[in-house]
Structure formats: C-alpha cells, structure tokens
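Scroll down for the structure; my scribbles are underneath it.
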Amino acid sequence: MATEVKRTFDILERYLQEFPRKDALGGKNSADWYVYSTAEYVEKSHQFALGLMALGLKKGDKVATVTTNRPEWNFADMGIAMTGMVHVPIYPTISEEEYSYILEHAEIKLLIVGDRKLHEKISPIAARLPEISHIYSFEEIEDCDNYEDILKLGETHRKELGAQLEQIKKGIDPDDLATIIYTSGTTGVPKGVMLTHTNLVSNFVAHSYMHNLGKDHHVISFLPLCHVYERSVNYHFQYKGMGVYYVGNLGQIVSAIKEIKPYMFNSVPRLLERVYDGFVSKGNELKGIKKVIYFWAMKLTRHFEYNKKYNIFLKLRIKLADKLIYSKWREALGGNIVYLVSGGAALQPRIARVFGMAGMLNLEGYGLTETSPVISVNNPNTKSMKIGTVGEILPNVELKFGDDGEILVKGPGVMTGYYKAPDLTAEVIDEDGWFHTGDIGILEEGKFLKITDRKKEMFKLSAGKYIAPQMIENKLKASFFIEQVMVIGAGEKFASALISPNFVYLHDWCSQRKIHFIDNKDLIQKTEVLAQLHREVATINKKLGEHEEIKRFRLVSDEWTPQTGELSPTLKLKRNYVAAQYKTIIDEIYSVSKVQPGGKFRLPKISLNFDIVEFIRRLKL
C-alpha cells in the first residue's frame, strides 16, 4: 500500500519505504560530488527536528534559511516541518534593507545562512533583532555555529525528546501553516505568502503525474529552493523517488549537467535561451559544408510541433539531422535529458522547437507563489502539449476569466493569505474565494492556457489605446540581438522601448564583421549596430497593431540583472526601478516628439523606424 502524503514531511516515509536509494540527495564540495542515502536523509531530518526542540523552539516559531542550493537544505526544511515550525526561506541575493524587513516582519527565531559571505552580510542585521536567538551556517566558517551542531544536539536529546517529536508529528494538521515565502516583488515591500501543508502537497502531487520518470532516474536542481517553483518540483522529484543533485554555484551548471547526466531539470527561459545561443555560436564556428549542414538542421526545427505526424520525406530529413547534429546537442546536455521544465516567464517558441526536435521536450508551465505555484503545465503523459502556451489546467484547479480577461483561480493550492496583511489579502482573494492572478490570458483550443500580459503593467497611450508591454517585449526578445527590453509610453502618443542588447551575441557578431569597439558604451553607438537593431525592431513591428509599434527605442550599455537591480530574483522586470534609472533617456525619447516652434511635428512612418529628428541631427543638417 502506497504511503499517503498529506504533510510535506510525509514524503520521507514514502521515500524510505518505496524508493530507497543510495543517492537520494547529492551535492558538490570544492572538488567532488557526495551523496546521502534515503536512510541518511530521513535520519538527519529527524536529528534536525530534535535539535530545534532542544534549542527551545516550539510549534509555530519561524526559522529562516538563506543559502544557495545544497542537499542539506532538505534536512532543515523537513526538520522544521515535522516540528510544526514555519520555514521562511529567503533569497541569498536581496538587499540588506529587504533582509532587515523580512527577518523582523516574520519574527524569525533562528537563522541559518549558507556561507561566510552571507554571514558577514546578515549577522549585523540579525544582531539588531532580539527575536533571533541563534545563527548557524551550512558551511564551516569561523565565529559561527555550524548546522551540524543542531544535528548533534538532536542526537544527544533523542531519548529525552524522541517520543515528544512523534506526538508533535501526529498532531500536525495538513491545514497548518508550513511556510511563509516572501515574494521578491517588483514594487513596494515584499509580501509574505502563507502556504499550508495542504497547499504545497496538493500542488506537487498533482504536477508529479505529468511525466513517467521515477525511481530509475536522477535530476539536478539549481534554481533557488527558496522560490516555491523549485521547491515544489523538489518535493515532486522526491515524491516520485528520483535522486536529486543540487548545484549551488550557477557557474557550475554546465559541468554539473555533463557529470551528473540528468534526465530532467527545472529552468527559466533565459537559461534555455543561453543554451540555444551556444548552439548558434557553435554553428558559426564551423566552415564550409559542415556549417551549411548545421544550419540546415537548425532550420528544420521550425517544423516541430508536439504530437505532430510528419510525412515520410520530413521524417527522413529529421532522422539524418538527428544523427549529424541533434545527437550532439543532447550529448552537450549530458545525453539523458528527456524533459526540460520551464517557468517564470514566456519561452520563445523557437527555443521549444529546437529542444523538442532534438528529443528534449519542454514542459512549460505557469503559476504564482500564491498558488503553490502551478496552475497549468504542458503534460506529456496526457499528450496535452502546445508550443506557445503554458499547457492545460491542473486537475484540482478551477479557472475562469474576469471581464477584463484576468485569470482567476480556485483550488487547494491557493494561499491562506499574506502574513500580517489582511487588507492586501482581500485585494486578491474575493468574497467567493477566487484568487485574482493579475495576469491576462486566453484559452486556445478551449484547453491550453496562454498568458498575454500582466494586468497592472498594461497602460494607455494618450489617444486611449491600450498597450500590453509584456507581449511586445516577448516578441522583441525573440531576436538574437535583444537580451532585455522595457516597453514604455504611458500617457504618451506612441510606444517606445529601452533595449539592453545581448552583448555576448553582439560581440561575436561584431567580431565576424570586423567592427571594432572599446566597450559596450562605444558598441551601442556604432552605426552598424544601430542599423541592425532598427531592422530587428522593424521586423517585430510588422507583427504588431499600428498603435503597438515601437516608434523609437534607445540602446543601453548596461546588462540588466538581479544584482544590478533591474530584475527581481525571479528575473522579472522591475519597471519602476528601470524607469527611474533611465529617466533622462526616457525624457529625451519623448521630448523630441513635442510640437516644435513653427508648426506641428508628425512622427514619420518609415520602414526602419528611424527617429527622423535624431537622423537629421546626426547628419548635422
């Protein structure tokens, strides 16, 4: 009889009884991989729970972790859960102000950091908060207790506290609070999303049925476990008996994939686009007939659709391309990849087609922290998959659309509310229990959900026409030359854009054309670069409505990242920050559209979308 999972820590018993393995969890130290068996995982989780109890913590107390991915995170997570305490995982890349706010707002009692750098950053903040009684570190560092001290303390007090722990475990209700996850947010202070065991379990059990991988397979995990997306799929992997290898250093992802040879991993579109760019760059390095064959095979991927039946001639071409090219792509990703899960933002259809034709199906999905998180996902088990959509709605989720097209959902995964913020909770969960996602969407073919934009990000031009910036931005980011973009123009006559180019690709492009530049500031002023970007924007404009067209744009020399502030930790655009950062440029874009002395100024329609005023200025006429 299968072990029933109602609380997150019930996974442990299921894992041990039904899928025991030597490599349940894996990690990497400075040089080598190491693993924990299922039995060790279960034992250390219980030791951690007993250690927390020995330190005097009680059910309902909040324990925070701030770390990159590592297998030991699971000991803390399960130990916290089985004592009825509340796990508050925090991003290791946020600002000191955000750390201070979250640690105080959540009333953290005990804090575990990942390494020396995080300890140096956060310990002064923690010292100002009397609620925090202990700080530990996962890595061995001076002047800080190690997490293994908690394990040892737990083992020492096993006889004294063991029976009490079992009673606490039995008394934990599935509807008890399991975690508070602070949304990174793109505006304002972070909000603490309260999720129960039922929220989390109902969700990961539902999406675990989307594929047939299980106890004979292993995966890698490198997206932040502090985010509900990776955390939920982490539970999902363990629920299915898969071995999970954790990568904490993002610079080691490529080598980890080659060494571990995973069958599946979670990703975000930006990473998959980087891999795709790598495929393109590899082709550009080839010469003669090899280069011709390479790009013939790449062009062939445009025919890929899920569940499509190809004619005999196309089948033969695909088979040849697979032998010559696609097999090399699979080998570059370890050789075992069956599925790539993608979420967090829209994936360009061409990326899904390239991976799909190479035998690596992309399971693109959609959800929010507030929904634990998955609402919909492309499902190979039911053959319900469509490129350009986020798949079918999970079986235990109800979905409908508001009058304005907003996606509204109900189900066991919907949060209980925002911590200490009933007013904010009431803004998103209505009287009938529907959660308002803030996303605009449609159903294609009556069942495939497609996200078209964020409700709050839509804006009006001065003529009253609505602009859905995210939709336009996604189309622009399909260009090899564009890494990030922000569409602007609220209250103005026309839409414009700030573009942060794909500098890796652009450097290679310039090298091939012998275009010399000093740095990125110099690069974005090169006539050839500007002309190419105008062509890219013009191509996209042909696919947009007239009022949606990007009439003007400016290139910026900065790469937008979470570290520099333009993106959130989940790689969402922080529009207010970007607007403030580039206010001078935005003012300049729209200042030239004002009425000029001596008559009216009309924005010209020209194929390359050149700003005619700037063009005349450059010619010095």
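Screening LEU12 on (1) under 26 Å from ILE122 (Cα atoms); (2) of a type in the set (A, V, I, L, M); (3) touching a helix residue (DSSP H, G or I) at 6+ places or on another chain (Cβ under 7 Å) shows it passes everything except condition (1). One residue stands out among those in segment 505-527 that are closer than 21 Å to ASP277 by Cα and over 29 Å from the mean Cα position of the chain (by Cα): the one that is surrounded by the fewest Cβ atoms within 10 Å (Cβ to Cβ), which is LYS514.
If you check every pair at least six apart or on different chains, which have Cβ atoms under 7 Å apart with a residue in segment 33-54 that is free of Cβ contacts under 8 Å to residues at least 60 places away in the same chain first and a residue that is surrounded by fewer than 22 Cβ atoms within 10 Å (Cβ to Cβ) and in a helix (DSSP H, G or I) second? What qualifies is THR38/LEU16; ALA39/LEU16; VAL42/LEU16.
Search segment 552-583 for residues being within 24 Å of ALA531 (Cβ to Cβ) and of a type in the set (Ser, Thr, Tyr), and hand back the single one that is surrounded by the most Cβ atoms within 10 Å (Cβ to Cβ). Break it down stepwise before answering.
Going through segment 552-583, the residues within 24 Å of ALA531 (Cβ to Cβ) turn out to be 552-560, 582.
Applying the additional criterion that residues be of a type in the set (Ser, Thr, Tyr) yields 557, 582.
On the way: SER557: 14, TYR582: 19.
Here the residue is TYR582.
Of LYS447, LYS420, LYS400, which residue is touching an Asp or Glu at 6+ places or on another chain (Cβ under 7 Å), surrounded by fewer than 19 Cβ atoms within 10 Å (Cβ to Cβ) and not assigned by TED's automatic domain parsing to the domain that holds ALA579? Spell out how you get there, then give the answer.
Details: LYS420 fails: touching an Asp or Glu at 6+ places or on another chain (Cβ under 7 Å); LYS400 fails: touching an Asp or Glu at 6+ places or on another chain (Cβ under 7 Å).
Exactly one residue qualifies, and that residue is LYS447.
When ALA346 is tested against (1) outside any helix (DSSP H, G or I); (2) touching a residue at least 60 places away in the same chain (Cβ under 8 Å); (3) over 15 Å from the mean Cα position of the chain (by Cα), exactly one condition is not met: (3).
In the set VAL537, VAL529, VAL485, VAL504, which member is in the same structural domain as ARG552 (by TED's automatic domain parsing), in a helix (DSSP H, G or I) and within 30 Å of GLY438 (Cβ to Cβ)? Exactly one residue qualifies, and that residue is VAL537.
What are the residues in segment 265-319 that are among the aromatic types (Phe, Trp, Tyr), assigned to a helix (DSSP H, G or I) and out of contact with any helix residue (DSSP H, G or I) (no Cβ under 7 Å at 6 or more places or on another chain), if any?
Let us first name the residues in segment 265-319 that are among the aromatic types (Phe, Trp, Tyr), namely 265, 276, 279, 294-296, 304, 306, 310, 313.
With the extra rule that they be assigned to a helix (DSSP H, G or I), the set shrinks to 276, 279, 294-296, 313.
Correct list: TRP296, PHE313.
Taking the residues in segment 147-169 that are out of contact with any strand residue (DSSP E or B) (no Cβ under 6 Å at 6 or more places or on another chain) and within 21 Å of VAL66 (Cα to Cα) as candidates, determine which candidate is surrounded by the most Cβ atoms within 10 Å (Cβ to Cβ).
Taking segment 147-169 as the starting set, the residues that turn out to be out of contact with any strand residue (DSSP E or B) (no Cβ under 6 Å at 6 or more places or on another chain) are 148-169.
From the residues that got through so far, the ones that are within 21 Å of VAL66 (Cα to Cα) too are 148-151.
Values: GLU148: 18, ASP149: 14, ILE150: 26, LEU151: 21.
Per the criteria, the residue is ILE150.
Select from segment 430-465 the residues that are part of a strand (DSSP E or B) and hydroxyl-bearing (Ser, Thr, Tyr) and list them in ascending order. The answer is THR437, THR452. When THR68, THR93, THR83 are screened for being among the polar types (S, T, N, Q), touching a residue at least 40 places away in the same chain (Cβ under 8 Å), in the same structural domain as ARG231 (by TED's automatic domain parsing) and over 26 Å from PRO262 (Cβ atoms), only THR83 passes.
Residues that are surrounded by 19 or more Cβ atoms within 10 Å (Cβ to Cβ), under 22 Å from PHE222 (Cα atoms) and free of Cβ contacts under 8 Å to residues at least 40 places away in the same chain occur at least once in segment 127-142.
In segment 50-98, the qualifying residues are those that are touching a helix residue (DSSP H, G or I) at 6+ places or on another chain (Cβ under 8 Å), assigned to a helix (DSSP H, G or I) and surrounded by fewer than 22 Cβ atoms within 10 Å (Cβ to Cβ), and the one that is modelled with the highest pLDDT is ALA54. Check segment 412-426 and report whether any residue there is touching a residue at least 12 places away in the same chain (Cβ under 8 Å) and within 30 Å of LYS551 (Cα to Cα). No, because not a single residue in segment 412-426 is touching a residue at least 12 places away in the same chain (Cβ under 8 Å) and within 30 Å of LYS551 (Cα to Cα).
The values are calculated or read from the model by the stated rules, or taken from the named source; none is laboratory data. A quick note: this is a predicted structure, and the numbers were derived from the prediction, not measured. Neighbour counts are summed over all protein chains in view; Cβ atoms, including those assigned to glycine, are modelled from backbone coordinates with ideal geometry.
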